[in-house]
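Undergrad: Here it is, the structure, as structure tokens.
The values are calculated or read from the model by the stated rules, or taken from the named source; none is laboratory data. Not measured: the values here are computed from a predicted model. Cβ placement follows ideal geometry from the backbone for every residue including glycine, while neighbour counts extend to all protein chains displayed. Just the protein is used for accessible areas: all its heavy atoms, side chains included, with ligands, DNA and RNA removed. Shrake-Rupley method; radii C 1.70, N 1.55, O 1.52, S 1.80 Å.
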Amino acid sequence: MRARAWEWIVVALTVASLIAVAFGLRLSPDVSALLPDAGEGASLRVYARAFGGGDLAMVLVRGEDPERVRWGAQTATEALRGCPEVRAALDHIEVGASSDPTLAWAHASPGAQRALAEALTPKGMDERLADSRALLLGPGASAIASMLQKDPLRLAQLPSERGMKVGEGASASSPGLLSSAGGLVASEGKARLVVVVPSGSALRGSEARRFVDAVEARLAPLRGRAPELRFDLTGGHAIAAATEAMIRRDLYVSGTASMLLASIAFALMFRRVRALLAVLPPLALGTLWTAAIAGTVFGEISSIAVAFVSVVVGVGVDTGVHVYSALLSARAQGLDAAEAARKARATMARPTLLAALAAAAAFASLGLSRVAALRQFGWLCAAGELLTAAAILIVTPWIGAWLERGPAPGSAAGGWPRLARKGIESRAAPWILAASALVPLVVLAGLGLPRLAPAVLSVRPSALAPIQTQNEIFSAFGGGGGQWVVMVDDANADIARARADAIADRLSSSSEHIASMSSLSELAPSTTTQRARLRERDALDLPGKIGLLREALVRAGFAADRFEAAFEAMRAPSQRLVDVLEAQRDESVLLRARFLAQEGSRWIAAVYVLPRAGHEASVESMVAAVDPAARITGYSRLDRALRANLAHDLPLMAGAALVLVALAMAGAMRGVRDGMLAAGTLLLELAWVLAAARVLDIRIHAYNALVLPVLIGVTIDEAMFLLHRAKKCGAGETLEREARNVSTTALTTAAGFAALITCRFEGLADLGRLGTLGVVAGLVAALMVVPTGLRLWAASGSRRVAP
């Protein structure tokens, strides 16, 4: 009963894990998990969570016939308005201020307020009335005449005429597009936008998928009716749904590829294919147990953390190689299968668990990262390394005893390891080792360290169709890179909006620094802002301007008595405050979704700004002067944030990995010799990796740089097992007997990283490339440094004891 207790434990763990994975594990499309917890990244996380969940969606309608494109946009809008997953849909925006000329100030920026004041001077009145007369001589004069009787100076139009053009160059996902007159149109009518306010959050995968499916179902008939038109969906929900599909695809494809590549590497190097039957089942068990931890502890896994499956599979094979090799060795010594299994488990438990602990320690160092996705990846890989090692130690000897119950196998020595032994024992070996250490130093001295990649590419996968559509919108309608988000928060929504209005008013007066801006300040100012602006209006004494206006009308050739409605409005200027966001209109829903969000008990108001190149510092200073508590963020600023995060995290994680691996290896390595040879292996490996990355132009970013500290723990295994073998034999024999095993373990680990190259998420693919390069470099370094170092150490010792 005792002998089978572990079997029941394995079965119980497996059943519990299947339940945890089936009901607890979810894939997260939340991009905020890829952002640092501090500095710029923290602000962007707040924005992504507050506004990303309610991000606007857009349908880009394109064709060669402008009239058909207009029909397509209007028809799509009508179809989407009937969709239960859509709160609002518009193909043109009509926000507009009140027709009452005395309320023009309520929606006027500082520049527009100056223009309004100028329009009330005798000179300004003459200029405005001359333009009004010209309008009456043009087409549609009868409709214009009625409007001019109430507002001959056209004061109600002045804010939109003289205010900053909201939307020039603004992001396609921002309300900058609200200013397009007559509709959201570009490319001479060959491209139009339908702006959609989704129901549900883009941060919850099920709601994002439901929205996308519902919209696509409404667009499908239109595509059939108008095959000459294109209807492409983008926005936060579409990107989230596509990201989740990409994560799921990457998980399945990379996991399968890792298993296949690791199996091929195992079969080619270990030369005993049936051993896979003993290694793969416990490897799958350990991976399943790790997935159960992901489901119970984290609930959701990010686009980076899905790599744990490929890495755990590749790295986990290591234990199986050494355990099965020990079983074969025991069988070759004459032990029966059952005894050989017991001996293999007993002799390999310590070194394999120490090696697993070293790798787990390196992965655990990622827990110090300020990026949640990297912490999650590190903890899952660390757990997976330990769990697969335990599963293999329990299960592999048992299955292996059954597989090897036949005649005892012969020695596996010989082949290429014997040739490698001859090379290491040659006089040229030390010189070759010295040259191999010198070459990367020369390369790095001449070319410099590997270059950093644009960080944003690693956060938002460019291959996704919704992101490509978004880029096409940027190209057609303007905007894209460079936009900032200025955020203020307060427990009171109106106060938050008023603070945002104050920032927008300051920036709108600085066109030399600002290329474009979009905010609620002109479209839907807070009631606090409106009161302040109306006080500025009242200071101009509109009742006192009635006489000046009468005289100006006469000079312009108008009959002044026909404008009594305008005079009456000026006698008692309206104090009515209109909160556009409270109106039951699609435009109001759109504005609220983009500019105002609630995060917990705090309200967050946003202003979208595109600084002119070289004026970024001036814009930051202006924002700080108006509201020191305001936060500036945006994907265009993410590069600086991630570079700073990389500079903070990488030394910290590398140092932690070195300390943890050293502690884990203290029980396996004895003496100064082993420590020096292991350190030499790591230094040579890292030098090769950095030099190769520079020559091959593999760019380093915040996500693939995590490979560097991980390599410390993952590739120290090869040096450790060579040194473990060296306790029983000389340098040459160590290489001949152990080279095949360590090569198998290294190449299966490399297979795990190489499988990540199949991922569509660029961050994972880059991680796979650098990881594969590092593991192969670590293997070659171990095969060169350890045997050569052992030989030189032995030679120096013999000289010291010679008479």
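Undergrad: Probe radius 1.4 Å, ligands and nucleic acids left out: which of M147, M487 has the largest accessible area, and how do the rest follow?
TA: These residues rank, largest area first, as M147, M487.
Undergrad: Further question on the same structure: Report the extension gain between A629 and A349 in nm, rounded to one decimal, defined as 0.36 nm multiplied by the number of residues separating them, less their alpha carbon distance.
TA: 95.1 nm
Undergrad: Would you mind checking segment 218-237 for residues with the amide N under 14 Å from a putative spin-label position 7 Å along Cα→C-beta of E64?
TA: Hits in segment 218-237 for E64 at 14 Å: 227-230.
Undergrad: So, one more: Report the FRET efficiency, 1/(1 + (r/R0)^6), for K150 and Q598, where r is their Cβ-Cβ distance and R0 is 25 Å, rounded to 0.05.
TA: 0.05
Undergrad: Right, next: Per-residue ellipticity at 222 nm for the chain, helices alone: DSSP H runs ≥ 4 residues times -39500 (n - 2.57), over residue total, nearest 500 deg cm²/dmol?
TA: Roughly -21000 deg cm²/dmol at 222 nm, from the helical runs in the chain.
Undergrad: Okay, next question. Counting pairs on different chains as well as pairs 8 or more places apart, how many Lys pairs in the chain have Cα atoms under 23 Å apart?
TA: 8
Undergrad: Before I look further, what does the chain give for accessible area per residue, probe 1.4 Å, in whole square angstrom?
TA: That works out to 40 Å² per residue.
Undergrad: Can you pull the one-decimal nm distance between simple spin-label points at T14 and R531, each 7 Å off the Cα toward Cβ?
TA: Label at T14, label at R531, 7.1 nm between them.
Undergrad: If you line up the long axis of helix 5-24 against the longest principal axis of the chain, both from Cα atoms, how many degrees apart are they, to the nearest 10?
TA: Around 20 degrees separate the two axes.
Undergrad: What is the distance, in nm, between label points placed 7 Å from the Cα along the Cα-to-Cβ direction at R418 and at V297?
TA: Between R418 and V297, the label points sit 4.7 nm apart.
Undergrad: Additional query: For segment 296-383, taking Cα atoms only, what is the radius of gyration to one decimal and the Dmax to the nearest whole Å?
TA: 17.0, 54
Undergrad: Let me ask another. Once amide H atoms are built 1.01 Å from N in the peptide plane, which residues 5 or more positions from D55, or in another chain, come under 5 Å H to H?
TA: The answer is A202.
Undergrad: Treating only the Cβ of Lys, Arg, Asp and Glu as charged (+1, +1, -1, -1), what charge dipole size does the chain show about its Cα centre? Round to the nearest 20 debye.
TA: 3140
Undergrad: Can I ask one more? What do you get for Rg/Rh of the chain when both radii come from the Cα atoms and Rh is the Kirkwood radius?
TA: 1.14
Undergrad: Keeping all protein chains in position, work out how much accessible area D505 exposes to a 1.4 Å probe, and write it in Å² to the nearest 10.
TA: The accessible area comes out at roughly 30 Å².
Undergrad: So, one more: Relative to the longest principal Cα axis of the chain, at what angle does helix 308-332 sit, 0 to 90 degrees, rounded to 10?
TA: 0
Undergrad: In addition: Work out the FRET efficiency for T121 and A617 from their Cβ-Cβ distance, taking R0 = 30 Å, and round it to the nearest 0.05.
TA: 0.20
Undergrad: Quick check on segment 350-431: take the gyration tensor over C-alpha atoms, sort the square-rooted eigenvalues as a ≥ b ≥ c, and tell me if it's rounded (a/c under 1.5), prolate or oblate.
TA: The shape class here is oblate.
Undergrad: Which of L682, A238, Y703 sits closest to the plus end of the dipole of the chain, meaning its Cα is farthest towards the positive end, when Lys and Arg get +1 and Asp and Glu get -1 on the C-beta?
TA: Selected residue: L682.
Undergrad: Another question, if that's okay. Which angle from 0 to 90°, rounded to the nearest 10, does the C-alpha axis of helix 372-403 make with the longest principal axis of the chain?
TA: Computed tilt is about 30 degrees.
Undergrad: Roughly to the nearest percent, how much of the accessible area of the chain is carbon and sulfur, given a 1.4 Å probe?
TA: Carbon and sulfur together cover 61 percent of it.
Undergrad: I've got another one for you. Using 0.36 nm per residue of separation minus the Cα-Cα distance, give me the extension gain between A647 and S574 in nm, one decimal.
TA: Gain on extension, A647 to S574, equals 20.5 nm.
Undergrad: So between L136 and A220, what do we pick up on full extension, going 0.36 nm a residue minus the alpha carbon distance?
TA: Taking 0.36 nm per residue and subtracting the Cα distance, the gain is 25.6 nm.
Undergrad: According to a simple spin-label model (label point 7 Å from Cα along Cα-to-Cβ), what is the distance in nm between S436 and A559?
TA: Using points 7 Å along Cα→Cβ, the separation is 10.3 nm.
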